[in-house]
Amino acid sequence: MAQQSIRLLNSTDLEQFTEELKRMLGSMPDLVFRSVGASLIVYISGLADEQRIEREIVDPLSVNQETEPLFIKTPSVQLTDNYQETVQAILFGKAAVAICGKDQVILANVSASPNRGVPEPHVETAVLGPQEAFSEDLNINIALIRRITKSEKLRMKVWHFGSVAHTEVRLLYFDQVAPDELVGEMSKRLDRVHLEDLLGSNYIAESIKDQPLSWFPTVQKTERPDVVANALMKGRVAVVVNNTPIALLFPFTFWNSFETVEDIYLSYSSATFLRWIRAVFILSALLLPSLYVAITTFHNEMLPANLLLSIAASREASPFPALVEALIMESIFEAIREAIVRMPRVLVQAVSVVGALVIGQAIVQAGIVSIPMIIVVSITGIASLMIPHYETTFSIRILRIILLLLAGGLGFFGIAMGLFFTQVYLTGLRSAGMPYLTPVAPFTWKSLKNLIIRQPFERP
C-alpha cells in the first residue's frame, strides 16, 4: 500500500480517494472531509487548526478553483502522490487538499496539536535560574533550546520509531564542539533501535545506554532547556523525543549526579559551599544507618562512654537488634515517600505530617524502635533529598540497604567490602563510551578541580 499512487482526474477518483482514506484510517469521528467546489480537504479535528484551514486554504480555493500549491497561504506545503504519506501527514496534524484534475495531493502544515505551553520545572527547581521546562511538544522544546543557544552550529539528526505511533526522535549537538566520535557512536546506537511502541524518552534511554541493567544511571534526564543548552555548549549531545518533556544527555558521569543547575547561577563561593554541604549529606545518606548499626552492634568502643550509655538506655525497651530497627524504619520511610508521590497533591501535606509525627511517635512509645534510630533515619531521609539527580537517589537507596545488611553481619569490615566492590563496579561502567568515574578515574586535574570548587567565570 505504501507504493499505491493517487490520481485525481475526475470526481469518481475523488470518491475513491475518500474511500481509501476511510479504509486506512478506520471509522474516526474526528476525521473531517470538507468539499470546496471541485476540491476536497481532509484533516483531523483537534490536530489541525480549523481557523487556519478556513483562512489559508478554504478562502484561496473559493477564489480560484484551479489553485496550485503556491496559492495556498500556509507557510509549509508539500506535494505527494502516495496514500501512505498522505495518511501520515494527516495524523501529524496536516491538511490534505485533493483537487480534481491534479495528479498529486497538497499537504498543508496547519498543525494545532494540543499542548500545555511552556510549564515551570517541578523536579529540577532553581531559585535564581530560568523558570522554564520542556513540554510534550517537540517543536516547542527545540525552540526553547534554540532561543538560549542562538548558534548556527546547532545540528540535528532525525529518526522515527514505532510501527503505530511513528514517534519522532532528534539527536542534537554542536558542530565542531561535540566530538565526531561521540556523534557517530550515538547515531549508530539510534540506528540500531527497533521499537514497536515509544511512549517516552526512557524507551530510548534503555535502548542506547551502555549498561541497561545497571542500577546507576548512565544517562542524564532533564526537564530544563537551559541544562540541555549548557551541556551542548560543553560538547555533549542531547536526545529529544516527541510527546515527552524529558530530554536525554550523553555522556553522563557519576559526579554529574551531584551537580545542580543552580551552581551556574550562584557566585562561585556560594556554589562551592553548597557543593561541600551537599557532599557531606550525600555521604550521610549512604553511610549513616550502616555506621550506626555497625557501631552499636560490633564496635561499641568507638563511642564515648556517656553517649554509649545514653544509646543503650534508649534501646533497652526495644525487642529488636539495631539492624532490624533500621530495616523497619527504612521500610516505613520508603512507603511514606512512595505514598506522597502517588497521592493527590491536596493530601500530601497531611500525610507527610502524619507519617513524620504520629507514626514516629507511636513507634517510639510502643517500644518497637529506639529514639536514636528515629534520629538516624530522619537525618538520612533529609540528606537523601539533597541529591540533585532524581534517578541517582534510587541508586543511593539501594546501595544503602546493601551496606546496612553488610554492616549488620560484618560490621566495619562489611561496609568496607561493600564500598570496595561498588568502586570496582563503577570503574567498569561507561556512558557513551566515557568512563563513568571521569575525571577521578582516569584522573584529570583540570576537570577534578572544577568539580571540587566551582571555578569563577573567566574575566576579559
For segment 205-237: of the residues being within 11 Å of the chain's Cα centre (by Cα) and more than 26 Å from Gln423 (Cβ to Cβ), which is surrounded by the most Cβ atoms within 10 Å (Cβ to Cβ)? Thr222
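Here is a yes/no grid of residues against (1) assigned to a loop (DSSP other than H, G, I, E, B); (2) free of Cβ contacts under 8 Å to residues at least 40 places away in the same chain:
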{"position": "Ile363", "(1), (2)": "no, yes"}
{"position": "Gly367", "(1), (2)": "yes, no"}
{"position": "Ser378", "(1), (2)": "no, yes"}
{"position": "Ala383", "(1), (2)": "no, no"}
{"position": "Pro388", "(1), (2)": "yes, no"}
{"position": "Thr393", "(1), (2)": "no, yes"}
{"position": "Ala407", "(1), (2)": "no, no"}
Per the filter on segment 32-44, residues open to solvent by 20 Å² or more (accessible area, probe 1.4 Å) and either not small (Gly, Ala, Ser) or not assigned by TED's automatic domain parsing to the domain that holds Ala96 (or both) are Val32, Phe33, Arg34
Can you find, within segment 45-55, the residue that is modelled with the lowest pLDDT among those that are farther than 21 Å from Leu14 by Cβ and open to solvent by less than 70 Å² (accessible area, probe 1.4 Å)? Gly46
Condition first: at pLDDT 90 or above and surrounded by 15 or more Cβ atoms within 10 Å (Cβ to Cβ). Can you find one or more residues in segment 193-201 that meet it? no
Candidate set from segment 103-144 (those that are in contact (Cβ under 8 Å) with a residue 24 or more places away in the chain and either touching a His at 6+ places or on another chain (Cβ under 6 Å) or β-branched (Val, Ile, Thr) (or both)); member that is surrounded by the fewest Cβ atoms within 10 Å (Cβ to Cβ): Val127
What number goes with the only condition from (1) surrounded by fewer than 17 Cβ atoms within 10 Å (Cβ to Cβ); (2) among the polar types (S, T, N, Q); (3) more than 21 Å from the chain's Cα centre (by Cα) that Thr86 does not pass? (1)
Of the numbered conditions (1) within 27 Å of Leu403 (Cβ to Cβ); (2) modelled with pLDDT of 80 or more, Val341 satisfies every one except a single condition; which is it? (2)
Which condition from (1) at pLDDT below 85; (2) within 12 Å of Ala95 (Cα to Cα) is the one that Asn64 breaks? (2)
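The values are calculated or read from the model by the stated rules, or taken from the named source; none is laboratory data. None of these values were measured; they are calculated from a predicted model. Every residue, glycine among them, receives a Cβ derived from its backbone with ideal geometry; neighbour counts consider all protein chains shown. Surface accessibility is based on the protein's heavy atoms, side chains included, excluding ligands, DNA and RNA. Shrake-Rupley method; radii C 1.70, N 1.55, O 1.52, S 1.80 Å.
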